[in-house]
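All remarks here apply to the structure that follows.
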Amino acid sequence: MKQVHRYVVYGACIALSLGVLTSAPAAADQRLSEHGISLVEGYASPGLEMEISGIFPHPKEADLYLALANQRPVYRTGQSPKLAESYRGKLLTVNRRGEIVRSSALVDGDYGGLAHHGGFLYVSVLEPAEILKVELATGEIVDRFSIAGPAGGLEFDAQRGVLYAQLFVSHPHLAVIDVETGETIETLWSDESAMGLAKVDGDLLCSWTNSFDEDALSELRLLDNETGKVLGRIALNRVHTSMAPTSDGFIGLVSTDSASGEVRVARYLYDSETAAW
């Protein structure tokens, strides 16, 4: 099995492409519907898989979403840039057509995941390995948390009042972080090829893939809230990467063409009582 993780190479991080759906297969994985997870809609993206990292529905404006743009995307042979250089290294606010309506400077770096809680965004930076606490209203960096290594997926668990950070190199694990102090208070199990995280209807979900090639293996996983261990798996026929929760489900980055790097973000309904694991 190939052990390829988009975060290990700077700039080759989670991509976002939410394109308005004209047909379900264009931006969704049909195997999810077989397990009671329903596609609702999708949106267009400003960049390719390696250009965009970490997404989150805008907490205040329903028709917008947030995306992290990498400073140094790594393109594969035959791929052409899509995102304008002026937006690289920034936090982007994007509409459903994939148009950038605002951009905010952060650290002009390469990023992993994006989470939100209490009016603040949490942004994982790959080098140096840290998490930024950013005020949503102003884009101001108000704090920085050092972590043991670069993190991909981020998620805030409102039930526990902690932030999960998915570290993927050396000793892969989920770091459990106190957002008041920035301290890692616990570590849980994680797989090095894990991607995004989303806490939805009490369930901790994780996307996983072993590569970004045509023959890639990809899964949606149900994780144990206490240990991080895998409780259930749904094999997917498309690569899913970054995830973020919504009020009634989640959004996920879905590859539509591995050769070009094009991706879409699809929004799904999720109910822990009816999802078939």
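Considering ASP191, ASP213, the condition of being surrounded by fewer than 23 Cβ atoms within 10 Å (Cβ to Cβ) and either of a type in the set (S, T, N, Q) or under 26 Å from ALA275 (Cβ atoms) (or both) is satisfied by ASP191 alone. For segment 96-118, a tally of residues being assigned to a loop (DSSP other than H, G, I, E, B), in contact (Cβ under 8 Å) with a residue 60 or more places away in the chain and under 17 Å from PRO59 (Cβ atoms) returns 1.
Just one of the numbered conditions (1) at pLDDT below 95; (2) outside any loop (DSSP other than H, G, I, E, B); (3) not basic (Lys, Arg) is not true of ILE55: (1). Taking the criterion of being of a type in the set (Val, Ile, Thr), crowded, with 16+ Cβ neighbours inside 10 Å and in contact with a Gly (Cβ under 8 Å, 6 or more places away or on another chain), would at least one residue in segment 128-149 satisfy it? Yes, that holds for at least one residue. Filtering segment 153-169 to residues that are within 15 Å of the chain's Cα centre (by Cα) and outside any strand (DSSP E or B) leaves only PHE168.
When segment 52-73 is filtered for residues that are touching a Phe, Trp or Tyr at 6+ places or on another chain (Cβ under 7 Å), hydrophobic (A, V, I, L, M, F, W, C) and farther than 11 Å from VAL94 by Cα, only ALA69 remains. Has segment 70-79 got any residue that is touching a Leu at 6+ places or on another chain (Cβ under 6 Å) and modelled with pLDDT of 95 or more? No - not one qualifying residue is present in segment 70-79. In segment 136-150, which residues are polar (S, T, N, Q) and either out of contact with any Pro (no Cβ under 9 Å at 6 or more places or on another chain) or in a loop (DSSP other than H, G, I, E, B) (or both)? Of everything in segment 136-150, just one residue is polar (S, T, N, Q) and either out of contact with any Pro (no Cβ under 9 Å at 6 or more places or on another chain) or in a loop (DSSP other than H, G, I, E, B) (or both), namely THR138.
If you scan segment 87-123, which residues turn out to be under 28 Å from THR184 (Cβ atoms) and in contact with a Ser or Thr (Cβ under 9 Å, 6 or more places away or on another chain)? Even if it seems obvious, please write down each step before you answer.
First, pick out the residues of segment 87-123 that are under 28 Å from THR184 (Cβ atoms): 89-91, 104-123.
Residues satisfying the conditions are LYS90, LEU91, SER104, ASP110, TYR111, GLY112, GLY113, LEU114, ALA115.
Within segment 177-203, count every residue that is more than 19 Å from VAL265 (Cα to Cα), assigned to a strand (DSSP E or B) and under 17 Å from the mean Cα position of the chain (by Cα). Please lay out each step first, then the result.
Looking only at segment 177-203, we keep the residues that are more than 19 Å from VAL265 (Cα to Cα), and these are 177-193, 201-203.
If we keep only those that are assigned to a strand (DSSP E or B) as well, we get 177, 184-189, 203.
Now narrow it down to the ones that are under 17 Å from the mean Cα position of the chain (by Cα): 203.
Residues flagged as more than 19 Å from VAL265 (Cα to Cα), assigned to a strand (DSSP E or B) and under 17 Å from the mean Cα position of the chain (by Cα) within segment 177-203 amount to 1.
Checked against (1) modelled with pLDDT of 95 or more; (2) out of contact with any Gly (no Cβ under 6 Å at 6 or more places or on another chain); (3) crowded, with 18+ Cβ neighbours inside 10 Å; (4) in a strand (DSSP E or B), LEU231 passes all but a single condition, namely (3).
Only one of the listed residues (THR93, THR77) is within 17 Å of the chain's Cα centre (by Cα) and either assigned to a strand (DSSP E or B) or within 22 Å of SER258 (Cβ to Cβ) (or both). That residue is THR93.
The values are calculated or read from the model by the stated rules, or taken from the named source; none is laboratory data. Predicted, not measured: the structure shown is a model, and the values here were computed from it. Backbone-built Cβ (ideal geometry, glycine too); neighbour counts: all protein chains shown.
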